[in-house]
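To start, the structure itself, in structure tokens.
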Amino acid sequence: MKYKLESRLIAVGDTAIKLFVPGEGSVKQVYHAQRETNPVTPFPYWAKVWPAALALSTFLQKEPHYILGKNVLELAAGLGLPSLLAARYASTVCCSDYLPETLDVVRQSIALNGAANISTRLLDWHRLPGDLAPEVLLLSDINYDPREFEVLYEVLTGFFKSNTLILLSTPQRLIAKPFIERLLPWCIQQEELSVTYTGEVTPVTVLVLRKSV
């Protein structure tokens with residue numbers, strides 16, 4: 001069963017990004033159908049626009065010098081909003097996620113925006129290949145599960161070894177505070193943003209992280 005997609009125009013500063021988003025009713029319908037065959041099917045949280053993705057996109061639009069002419073990778077991209085924004089400034093963008101259905105939607109958004117410099121790739125942060133060496137790594141709202149924090153820390157330090165600049169946006173969850181504090185020695189810029197979306201205001205922190213010299 002496929003998702004029924006809705007085309008939305010997402011305002012990011014003075015830029016508008018066209019984005020395909022699964023309709024809420026369609027998400028519930030597909031999820032319940034999948035649960036009938038597999039009771040442990042996780043809910044598709046990727047199928048919505050999250051404040052942290054909006055915050056990261058807003059930051060990129062304000063500070064494009066971080067990605068200008070660069071080769072960019074977005075990991076755990078979900079609907080890929082930051083990737084679509086980054087494509088306006090970067091040389092190349094690879095939008096990745098571990099779920100094929102996620103990238104199916106992203107590819108339709110890429111076509112909708114006519115973004116010729118974006119590719120998609122199936123990547124799972126538990127099993128990353130050794131050939132990844134982007135100049136810039138984008139991450140939004142990836143630190144939501146404490147069971148993943150150690151793996152994520154190893155992933156980030158691995159990218160530091162390749163001299164990758166990392167831009168990470170995170171809602172200000174108390175449960176994630178220890179993880180974020182562990183990254184602060186690499187922080188060269190920190191910005192606090194208030195994101196308003198669907199009538200709700202969410203405080204989000206954006207960190208720019210770079211390997212210490």
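Derivation of every value follows stated rules applied to the coordinates shown; laboratory data play no part. Just so we're clear, the structure is a prediction, and the values are computed from it rather than from any experiment. Cβ atoms come from the backbone with ideal geometry, glycine included; neighbour counts cover every protein chain shown.
For the reader, a short list of remarks on this structure follows.
- Close Lys-Lys pairs in region 1-125, where close means Cα under 21 Å and separation is 8 or more or interchain: 10
- LYS4 versus LEU184: modelled label distance in nm, points set 7 Å from Cα along the beta carbon direction: 4.8
- Computed over region 68-120, the percent of Cα pairs more than 18 Å apart is 18.
- Compared with the dominant Cα axis of the chain, that is its longest principal axis, helix 24-37 is turned about 80°.
- Rounded FRET efficiency, nearest 0.05, which uses the C-beta distance separating LEU122 from ARG35 and R0 of 22 Å: 0.40
- For region 95-213, the residue among LEU156, PHE179, SER212 whose Cα projects farthest onto the positive side of the dipole built from Cβ charges is SER212.
- Compared with the alpha-carbon gap, the fully stretched path from GLU63 to THR202 is longer by 48.0 nm at 0.36 nm per residue.
- Looking at region 45-144, the trypsin sites (Lys or Arg not before Pro) that sit in a DSSP loop and have at most 15 other Cβ atoms within 10 Å of their own Cβ are LYS48, ARG127.
- Taking the alpha carbon gyration tensor of the chain, multiplying each eigenvalue by 5 and rooting it gives semi-axes of 26, 20, 18 Å, largest first.
- Net +/- balance of residues flanking VAL136 in space, Cβ distance below 12 Å, scoring K and R +1, D and E -1: -1
- The chain: relative contact order as a whole-number percent, Cα under 8 Å and 6+ apart: 17
- Net charge over other residues, Cβ less than 12 angstrom from the Cβ of SER119 (K, R count +1; D, E count -1): +1
- Cross-link reach is defined here as a Cα-Cα straight distance under 18 Å, omitting same-chain residues fewer than 8 places apart; for LYS177 the aspartates and glutamates meeting it are ASP141, ASP145, GLU148, GLU150, GLU154, GLU191, GLU192.
- Radius of gyration (Cα atoms) of region 46-89, expressed as a multiple of 2.2 N^0.38 Å: 1.09.
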